[in-house]
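Below is one structure, written out as structure tokens, with a few remarks after it.
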């Protein structure tokens, strides 16, 4: 009976779930005991750029900054769809290959369109 429970796939999932919860809880509470609460100059200084800010912190960013960030996320997420396809590439049929070809074609057309419109230029 115990042998059947150990070989069950749900038992393995439950074991890893319990292990992850216990380990993350242990590390979370351990950080409260090991971290010091002392404030010193390097800890409270500006660290984004390496120098003190010149202006008010409520400065509006250029819209191109947001556009480049959104384009990066969109193309990064679309490229993420390639990983499962590459892993299963040997076992896929012709339809899967053609559908991924059209997906990549649309991705390249979108990239070329954004490049032509100047969305990737930072002038």
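The values are calculated or read from the model by the stated rules, or taken from the named source; none is laboratory data. All values reported here derive from a predicted model rather than from experimental measurement. No Cβ is skipped: glycine too gets one built from the backbone with ideal geometry, and neighbour counts run over all protein chains shown.
Here are some notes:
- Conditions (1) surrounded by 10 or more Cβ atoms within 10 Å (Cβ to Cβ); (2) more than 30 Å from residue 61 (Cα to Cα); number of the one not met by residue 72: (2)
- Residues of segment 34-50 include at least one that is modelled with pLDDT of 80 or more and in a helix (DSSP H, G or I).
- Taking (1) exposed (fewer than 13 other Cβ atoms within 10 Å of the Cβ); (2) touching a residue at least 40 places away in the same chain (Cβ under 8 Å) in turn, residue 67 satisfies each apart from (1).
- Residue match in segment 69-76 (condition: modelled with pLDDT under 85, on the phi < 0 side of the Ramachandran plot and not in a helix (DSSP H, G or I)): no
- Residue count for segment 77-99, restricted to those that are over 28 Å from residue 65 (Cβ atoms) and assigned to a helix (DSSP H, G or I): 14
- Taking segment 100-123 as the range and being surrounded by fewer than 12 Cβ atoms within 10 Å (Cβ to Cβ) and part of a helix (DSSP H, G or I) as the test, the residues that pass are 101, 102, 105, 106, 108, 109, 112, 113, 115, 116, 117.
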